[in-house]
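Heads up: the structure comes next, in structure tokens.
The values are calculated or read from the model by the stated rules, or taken from the named source; none is laboratory data. What you are looking at is a predicted structure, and each value in this text was computed from that prediction instead of being measured. So basically every Cβ, Gly included, is an ideal-geometry build from the backbone, and we count neighbours across all protein chains shown.
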Amino acid sequence: MKRHEFPNNWPIPDEYLLELGRMTVIWGSLETNVNLAISKFAGYEAVLDHRAVILVAHSNFQQRVHIIGALCESLEPSYPSLKDYKAVISKLGAAQSIRNKYAHNSMYKNDETGAIETSYATARGTLKLHLENVELRDLKEATAKIHEAACALYQLVTGKEMKPLWER
């Protein structure tokens, strides 16, 4: 075997890898749209003003979502179209949570059962270890939630409805 010639279904089945890749690309688009939203809500006229990029370049996603929330809260009295911003903020948070579950934790094939599993730990107040089976539909649902959050953000920024891909 040569370098960069990875075997099929390594380290997990190829269909899982395809969905993880799709999720990653959709997530990258969402992150870009969050940055665009900050630029627009901050009042910059350019589609993506370099000043806004500088201000958020080293902010994490959650911080950027908080910025959008604070900007929308301050703008809502003058822009009633922002009345649903809290629902969009919630969708962005849910998208981040599901994405992080699969992007930041191990995923492997259990040699005994053949199941694809993920394991992770949480330590908010107490340590909890988690082991879960991952079905292909779980990864597809994660991508769908990320896409729905992007559609909701688009509508918040532009005032124009953007239905999810499967509803168009």
- Task: Name the residue, out of Pro11, Pro77, Pro7, that is surrounded by fewer than 14 Cβ atoms within 10 Å (Cβ to Cβ) and touching a residue at least 40 places away in the same chain (Cβ under 8 Å).
- Result: Pro11
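Being more than 24 Å from Val25 (Cβ to Cβ), of a type in the set (Val, Ile, Thr) and modelled with pLDDT of 95 or more: is that true of Thr113 here?
Yes; evaluated as a whole, the condition is true for this residue.
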- Task: Identify the residue in region 14-59 that is among the charged types (D, E, K, R) and closer than 30 Å to Glu76 by Cβ and, among all such residues, is surrounded by the most Cβ atoms within 10 Å (Cβ to Cβ).
- Result: Lys40
- Could you tell me which numbered condition Val88 fails, if it satisfies all but one of (1) within 22 Å of Thr143 (Cα to Cα); (2) loosely packed, with under 15 Cβ neighbours inside 10 Å? (2)
- Candidates His104, His66, His130, His147 - the one that is on the phi < 0 side of the Ramachandran plot and touching a helix residue (DSSP H, G or I) at 6+ places or on another chain (Cβ under 8 Å): His147
- Query: Just checking, which of Lys163, Lys145 is surrounded by 10 or more Cβ atoms within 10 Å (Cβ to Cβ) and in a loop (DSSP other than H, G, I, E, B)?
  - Reply: Lys163
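How do the helices (runs of 4 or more DSSP H) wholly within region 28-109 filter down when requiring 3 or more residues that are modelled with pLDDT under 95: which remain?
Passing ranges, in order: 50-56.
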- Message: Looking for something modelled with pLDDT of 95 or more, touching a strand residue (DSSP E or B) at 6+ places or on another chain (Cβ under 8 Å), aliphatic (A, V, I, L, M) and over 20 Å from Tyr85 (Cα atoms) - is there at least one such residue anywhere in region 1-19?
- Response: yes
